[in-house]
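Shown next, in structure tokens, is the structure this report addresses.
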Amino acid sequence: DAGVHSKAWYAATCDRKMAEDALYRSNKDGSFLIRKSSGQDSRQPYTLVVFYNRRVYNIPIRFIESTRQYALGREKTGEERFDSVAEIVENHQRTSLVLIDSQNNTKDSTKLRHIVRVS
């Protein structure tokens, strides 16, 4: 268990479109939630959805089988790893999360500030 089920920011029954709509409605930089990933792949069980600068970012949360830890995005050298999804959220409420826009090749960063609940 990734420590997500009792958390306010975990939207258990939410798909990508519902998550994005909820974040656009919140319209606050740093709004976020975590949903189950669309692919239902055990190596990428969750997605962190973040609103920043009028855009929604869907960031995959990977499960690393060998260390039983979690990491964000594609695998990279020297990446931060966490023992639970809750630790990822807590960490990025304190330190900025880099947001990469692959279409425009731009980088932004924000902290996770506002929990969005999907109704």
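The values are calculated or read from the model by the stated rules, or taken from the named source; none is laboratory data. Predicted model, so just to flag it, every value in this text is computed and none were measured. Ideal geometry is used to build each Cβ from the backbone, glycine not excepted, and the neighbour counts take in all protein chains shown. SASA here: full protein model, heavy atoms, side chains in, ligands and nucleic acids out. Shrake-Rupley method; radii C 1.70, N 1.55, O 1.52, S 1.80 Å.
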Next item on the list: Only Lys, Arg, Asp and Glu count, each charged at its Cβ (+1, +1, -1, -1), so figure out the dipole size of the chain about its Cα centre, rounded to 20 debye.
Entry: 320
Next item on the list: Treating cross-link reach as a plain straight distance, find the lysines whose alpha-carbon is under 16 Å from the alpha-carbon of Lys111, omitting any fewer than eight places away in the same chain.
Entry: Lys28
Notebook entry, point to check: Ignoring any ligand, DNA or RNA, what whole percent of the accessible area of the chain comes from carbon and sulfur when the probe is 1.4 angstrom?
Noted result: 43
Check: How many Å² of accessible area per residue for the chain, probe 1.4 Å?
Finding: 60
Next item on the list: Give, in nm to one decimal, the length gained when the segment between Gln103 and Asp21 is fully stretched (0.36 nm per residue of separation minus the Cα-Cα distance).
Entry: 27.5 nm
Margin query: I need the peptides 30-36, 16-22, 49-55 ranked by packing, meaning the mean over residues of other C-beta atoms within 10 angstrom, with the highest value on top.
Written below: 30-36, 49-55, 16-22
Next item on the list: Sum -39500 (n - 2.57) across every DSSP H segment of at least 4 residues in the chain, then divide by the residue count to get the 222 nm mean residue ellipticity, nearest 500.
Entry: -5500 deg cm²/dmol
Notebook entry, point to check: Looking at [x] 161; [y] 105; [z] 138, which value of volume of the Cα convex hull per residue in Å³ comes from a calculation on the structure shown?
Noted result: [y]
Next item on the list: Quick one: what are the phi-derived ³J(HN,Hα) couplings along segment 108-114, Karplus 6.51/-1.76/1.60 with θ = phi - 60°, whole Hz, x for glycine and proline?
Entry: 10, 8, 8, 8, 7, 10, 10
Next item on the list: Find which of Tyr70, Thr106, Leu23 sits farthest along the positive direction of the dipole of the chain, computed with +1 on the beta-carbon of Lys and Arg, -1 on that of Asp and Glu, about the Cα centre.
Entry: Leu23
